[in-house]
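**Student:** I am attaching a structure below and will ask some questions about it afterwards.
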Amino acid sequence: MAEGSLYRFDGCYQLPYQIDTPVDPRVRFGAMHAFVYDQPSIRVVFGVGALDRLPDEVARLGARRALVLATPEQRKDADEAARRLGGAAAGVYAEAVMHVPIETARAARETARQLQADCCVAVGGGSTIGLGKAIALESGLPIVAVPTTYAGSEMTPIYGLTEGGLKKTGRDRKVLPRTVLYDPALTVSLPRHISGPSGMNAIAHCVEALYAEDANPIISLLAAEGIRALARSLPIVVEEPQHLDARADALYGAWLAGSALGATSMSIHHKLCHTLGGTFNLAHADVHTVILPHATAFNREAAPDAMRIVAAAVGADDAAQGIYDLAVRLGAPIALKDIGMRHDDLDRAARLATENPYYNPRPVEYAGVRQLLEDAYQGTRPG
């Protein structure tokens, strides 16, 4: 790449723009409280041209019949991946959809069985990688992930399946991809209206990792750096889609965000987004974008140290307001009413999100969650 670019092929990492001195995430732990750090390893190949390594990485797993997965919209990308694999490609299944309906998962599992696939190559965002996980959950087939968005799913052992209008998530290390190929060039065609929300989705992973029940100082460092990388790169990404340095920086932030999410537990933000997405079939990244400022405001008083880190990382005085202002700057959606949510369904959403207890810095009760959803529905800036 040209001089001054973000990446050099000697393996060194360099940034083309200034980074402010971060708030030390260890402040959350005071005198270094006891914690558990349990991060499974994933092989990561990062850089422009990483897709060229696909055949070697599949062979490295000992696989000879890779099933390539994609959404219908990314069929061309899947076909290109299959072409590169040559005789190691068992076929292409380009039927991935949002929230991994159980019917789609069953059909993909059957296709993998019929083709005698011994590996899955997931080319795309969270929907496609989620489908790969659904196959691996049952068969144990290894996954090579080739992300083309900033969802971060490729770095987590978290899977989700939607059945009967309810999305259920779980964790299992056998769904964790063995290898991830991060090629910034593959994200250049990602349009503005997807790039912004996808990056906001990644920021949400970082925010919740900072106040998670099982947070630890290592993951907090990753989360803080992930927010900084995304906050500085996303405005450039949406204004200059061909800017490879910014694309690479955003993908780097997404990698850190996925790592943070994979190593910690989820709280109210992700619980709400899974409820809204799975039950009301709202676009995953758009839901994350709309809910995040309000979930952050919901936990503002209960997680002050995390809020200071987030605010510093987005360059704002207040974490929730800074996140909201970033979404506005990106031209991303800021109101549930604008992404297909019906006001009449807010009561049901609040009930679903509070019927089973889970950890959150602030107690999760119906009235507070219902107000959070009302604010998100109207798209008001957090006070």
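The values are calculated or read from the model by the stated rules, or taken from the named source; none is laboratory data. Since this is a predicted model, take the numbers as computed values, not measurements. Here the Cβ is made from the backbone with ideal geometry for all residues, glycine too, and neighbour counts use every protein chain on show. Just so you know, the surface numbers come from the protein's heavy atoms only, side chains and all, with ligands and any DNA or RNA stripped out. Shrake-Rupley method; radii C 1.70, N 1.55, O 1.52, S 1.80 Å.
**Student:** Using θ = phi - 60° and the Karplus relation 6.51 cos²θ - 1.76 cosθ + 1.60, list the HN-Hα couplings for segment 337-354 in order, rounded to whole Hz, with x at every Gly or Pro.
**Tutor:** Couplings: 5, 8, 10, x, 7, 8, 4, 5, 8, 5, 4, 5, 4, 5, 5, 4, 6, 10 Hz.
**Student:** Cut-off under 26 Å on the C-alpha distance; same-chain residues fewer than 8 positions from LYS133 excluded. Which lysines are left, in chain and number order?
**Tutor:** Answer for LYS133, where 26 Å is the Cα cut-off: LYS76, LYS167, LYS168, LYS174, LYS271, listed by chain and number.
**Student:** If you don't mind, there's one more thing I want to ask. Note down, for segment 30-134, the three equivalent ellipsoid semi-axes (square root of 5 times each alpha carbon gyration tensor eigenvalue), biggest first, whole angstrom.
**Tutor:** On the way: eigenvalues 152, 72, 39 Å².
Working from the Cα gyration tensor, I get semi-axes of 28, 19, 14 Å.
**Student:** What's the FRET efficiency of GLN242 with VAL97 using the Cβ-Cβ distance as r and R₀ = 30 Å, to the nearest 0.05?
**Tutor:** Working: r = 29 Å, r/R0 = 0.96.
So the FRET efficiency works out to roughly 0.55.
**Student:** With +1 on each Lys and Arg Cβ and -1 on each Asp and Glu Cβ, and nothing else charged, work out how big the dipole of the chain is about its Cα centre, in Debye to the nearest 20. Could you put the intermediate results ahead of the total?
**Tutor:** Values: 37 positive and 43 negative charges, 164 e Å.
About 780 debye.
**Student:** Would you kindly derive the ³J(HN,Hα) couplings of segment 363-368 from the backbone phi angles with the Karplus curve 6.51 cos²θ - 1.76 cosθ + 1.60 (θ = phi - 60°), listing them in order in whole Hz, with x for Gly and Pro?
**Tutor:** Here the 3J(HN,Hα) series is x, 8, 10, 4, 4, x Hz.
**Student:** Write down the percent of antiparallel bridges among all DSSP beta bridges whose residues are both part of the chain, to the nearest 5. List each step's numbers first, then the result.
**Tutor:** On the way: 7 of 27 bridges.
Roughly 25 percent of the beta bridges in the chain run antiparallel, per DSSP.
**Student:** Gaussian network model of the chain, Cα springs within a sub-10 Å range: biggest mean-square fluctuation belongs to which of ALA107, ALA66, ALA285?
**Tutor:** Highest fluctuation of the listed residues: ALA107.
**Student:** Pulled fully out, how much extra length does the chain show between LYS337 and VAL44, if you take 0.36 nm times their separation in residues and subtract their Cα-Cα distance?
**Tutor:** Details: separation 293, 0.36 × 293 = 105.48 nm, distance 3.86 nm.
That pair, LYS337 and VAL44, stretches by 101.6 nm at full extension.
**Student:** By how many degrees, 0 to 90 and rounded to 10, does the Cα axis of helix 304-314 deviate from the longest principal axis of the chain?
**Tutor:** Approximately 60 degrees, to the nearest ten.
**Student:** Another one. Once the Cβ-Cβ distance between GLU301 and HIS193 is put in as r, and R0 is 25 Å, what FRET efficiency do you end up with, to the nearest 0.05? The partial results should precede the final answer.
**Tutor:** Working: r = 34 Å, r/R0 = 1.34.
E(calc), rounded to 0.05, equals 0.15.
**Student:** I've got another one for you. Please compute, for the alpha-carbon atoms of the chain, the extent along each of the three principal axes and give them in descending order in Å.
**Tutor:** Largest first, the chain extends 58, 52, 42 Å along its Cα principal axes.
**Student:** Pick out which of GLN114, GLN74, GLN242 has the largest mean-square fluctuation in a Gaussian network model of the chain, springs linking Cα atoms closer than 10 Å.
**Tutor:** GLN114
**Student:** Another question, if that's okay. Calculate what fraction, in whole %, of the accessible area of the chain sits on carbon and sulfur atoms when a 1.4 Å probe is rolled over the protein chains. All intermediate terms of the calculation are to be shown ahead of the outcome.
**Tutor:** Working: 7660 of 15610 Å².
About 49 percent, which is the carbon plus sulfur part of the accessible surface.
**Student:** Could you check the spin-label model distance between LYS76 and GLN378? Points 7 Å from the Cα along Cα→Cβ, value in nm.
**Tutor:** For LYS76 paired with GLN378, the spin-label model returns 4.4 nm.
**Student:** Can you tell me which of ARG342, ARG173, ARG308 moves the most in a GNM of the chain? Springs connect C-alpha atoms under 10 Å apart.
**Tutor:** Between ARG342, ARG173, ARG308, it is ARG342 that shows the largest mean-square fluctuation.
**Student:** May I ask you to derive the FRET efficiency for TYR37 and ASP172 from their Cβ-Cβ distance with R0 = 25 Å, giving the value to the nearest 0.05? Before the final figure, lay out the partial values.
**Tutor:** Working: r = 20 Å, r/R0 = 0.78.
Taking R0 as 25 Å, the efficiency between TYR37 and ASP172 is 0.80.
**Student:** Could you give the spread of the C-alpha atoms of segment 229-383 along their three principal axes, from largest to smallest, in whole angstroms?
**Tutor:** Cα extents, longest axis first: 44, 33, 30 Å.
**Student:** Under 5 Å between amide H atoms, partner at least 5 residues away or on a different chain: which partners does THR71 have, H built in plane at 1.01 Å?
**Tutor:** Here the answer is ALA96, since their amide H atoms fall under 5 Å of that of THR71.
**Student:** What fraction of the Cα pairs in segment 180-290, stated in percent, has a spacing above 18 angstrom? Walk me through the numbers on the way to the answer.
**Tutor:** Values: 2990 of 6105 pairs.
That tail contains 49 percent of the Cα-Cα pairs.
**Student:** Shifting gears a bit: Specify the angular offset, from 0 to 90 degrees and rounded to the nearest 10, of the alpha carbon long axis of helix 217-239 from the longest principal axis of the alpha carbons in the chain.
**Tutor:** 80
**Student:** Give the Debye-formula value of log10 I(q)/I(0) at each listed q (0.31 Å⁻¹), with one equal scatterer per alpha carbon of segment 282-335, two decimals each.
**Tutor:** Debye output, listed in q order: -1.18.
**Student:** Please work out the average accessible area per residue across the chain, using the 1.4 Å probe convention, and give it in Å². Don't jump to the answer; show the numbers that get you there.
**Tutor:** Numbers: 15610 Å² over 383 residues.
Here the per-residue accessible area is 41 Å².
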